[in-house]
Amino acid sequence: GEQVEQLPSILRVQERSSASINCTYENSASNYFPWYKQEPGENPKLIIDIRSNMERKQIQGLIVLLDKKAKRFSLHITDTQPADSAMYFCAASVNNNAPRFGAGTKLTVKP
Amino acid sequence: DPKIIQKPKYLVAVTGSEKILICEQYLGHNAMYWYRQSAKKPLEFMFSYSYQKLMDNQTASSRFQPQSSKKNHLDLQITALKPDDSATYFCASSLQGADTGQLYFGEGSKLTVL
């Protein structure tokens with residue numbers, strides 16, 4: 001398994017600013033790091049992921065950074081919009097095991 | 001149309017009773033999972049199966065028993081229910097192992113134990 005710590009638990013930003021969420025993991029063998037977005041009353045949905053052979057990945061306004069030495073990865077949402085308001089979960093997977101999730105970040109983007 | 005069907009969507013049970021949560025996926029995936037989400041422990045991993053075999057288990061209590069009658073089914077039987085079992089139980093699936101691609105989550109079964 002894996003243990004994942006996620007901070008902050010609550011994040012409030014102004015529309016069009018950036019939001020950053022940080023996660024750390026324990027097992028240096030972890031090789032897959034997905035990020036999920038969950039809106040109220042809905043199921044979690046994958047928004048971006050990164051594998052251990054990469055340091056950076058960007059999909060439109062989402063950027064994921066991975067620092068394997070520090071066992072840290074982060075999600076950066078640029079040019080935030082109110083529609084980005086949701087719970088965000090990071091996760092880490094060791095080999096073929098099921099991802100273990102962080103405790104979540106509640107992001108609120110204020111207009 | 002949802003490709004991962006969980007039944008029931010909502011259920012209320014009394015302490016000490018037993019319930020079965022149903023999950024069927026029509027994505028052609030080979031791996032299936034159960035996660036639990038409550039205010040105390042968001043998205044807590046419970047079980048994973050691959051080709052109907054248990055791969056990973058992080059549930060301490062034997063009151064939780066997964067059952068896989070077919071490759072695209074992974075039900076969860078919960079016995080001797082306690083109020084602390086109240087949570088939304090999410091079934092998920094992936095094509096192969098968890099690190100080969102994303103998990104797709106069902107819509108969840110919200111269990112309330114009185």
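Treating only the Cβ of Lys, Arg, Asp and Glu as charged (+1, +1, -1, -1), what charge dipole size does the protein assembly as shown show about its Cα centre? Round to the nearest 20 debye. Please list the in-between numbers first.
Details: 27 positive and 21 negative charges, 20 e Å.
Computed about the Cα centre, the dipole is about 100 debye.
Using a cut-off of 12 Å between beta-carbons, work out the net charge of the residues near residue B:9 (Lys and Arg +1, Asp and Glu -1, residue B:9 not included).
Details: positive: B:7, B:110; negative: B:107.
With Lys, Arg at +1 and Asp, Glu at -1, the net is +1.
Please state, rounded to one decimal and in Å, the Kirkwood hydrodynamic radius that chain B gives when every pair of distinct Cα atoms enters the mean of 1/r.
About 13.9 Å, per the Kirkwood formula over Cα pairs.
Between residue B:82 and residue A:103, take the C-beta separation as r, use R0 = 25 Å, and let me know the FRET efficiency to the nearest 0.05.
0.65
When only the heavy atoms of the protein chains count and the probe is 1.4 Å, how do A:12, A:56 rank by accessible area, highest first?
Greatest to least solvent exposure: A:12, A:56.
Can you tell me the dipole magnitude for region B:35-79 around its Cα centre, using point charges on the Cβ only (Lys, Arg +1; Asp, Glu -1), in Debye to the nearest 20? Each step should come with its number before you reach the end.
Working: 7 positive and 3 negative charges, 9 e Å.
Here region B:35-79 has a charge dipole of around 40 debye.
Charges only on Cβ, +1 for Lys and Arg, -1 for Asp and Glu: so what's the dipole of chain B about the Cα centre, in debye to the nearest 20? Present the calculation step by step, with values, prior to reporting the outcome.
Details: 13 positive and 10 negative charges, 31 e Å.
With only Lys, Arg, Asp and Glu charged at Cβ, the dipole is about 140 debye.
I need the phi-derived Karplus couplings for region B:39-50: 6.51 cos²θ - 1.76 cosθ + 1.60, θ = phi - 60°, integer Hz, Gly and Pro marked x.
5, 6, 9, x, 6, 8, 5, 10, 9, 9, 10, 9
Taking the protein assembly as shown as a whole, which cysteines find no other cysteine Cβ under 4.7 angstrom from their Cβ?
Result for the protein assembly as shown is empty; each Cys has a Cβ neighbour under 4.7 Å.
Which value, in Å² rounded to 10, gives the accessible area of residue B:84 with a 1.4 Å probe and all protein chains present?
Probe radius 1.4 Å; accessible area of residue B:84 about 120 Å².
Find, to one decimal place in angstroms, the Kirkwood hydrodynamic radius of chain A, where the mean of 1/r is taken over every pair of different Cα atoms and then inverted.
On the way: mean 1/r = 0.0721 Å⁻¹.
Computed over Cα pairs of chain A, the Kirkwood hydrodynamic radius comes out at 13.9 Å.
Just by accessible area at a 1.4 angstrom probe, what is the order of A:5, B:44 from largest to smallest?
Numbers: A:5 120, B:44 40 Å².
The residues order as A:5, B:44, largest area first.
Need one number for the protein assembly as shown: average projected area of the convex hull over its C-alpha atoms, nm². Before the final figure, lay out the partial values.
Details: hull surface 48.6 nm².
The number I arrive at for the protein assembly as shown is 12.1 nm².
The values are calculated or read from the model by the stated rules, or taken from the named source; none is laboratory data. Being a predicted model, the structure only gives us computed values, none of them experimental. Cβ sites come from the backbone with ideal geometry, for glycine too, and all protein chains shown count toward neighbours. Protein only, heavy atoms only, side chains kept; ligands, DNA and RNA dropped before computing areas. Shrake-Rupley method; radii C 1.70, N 1.55, O 1.52, S 1.80 Å.
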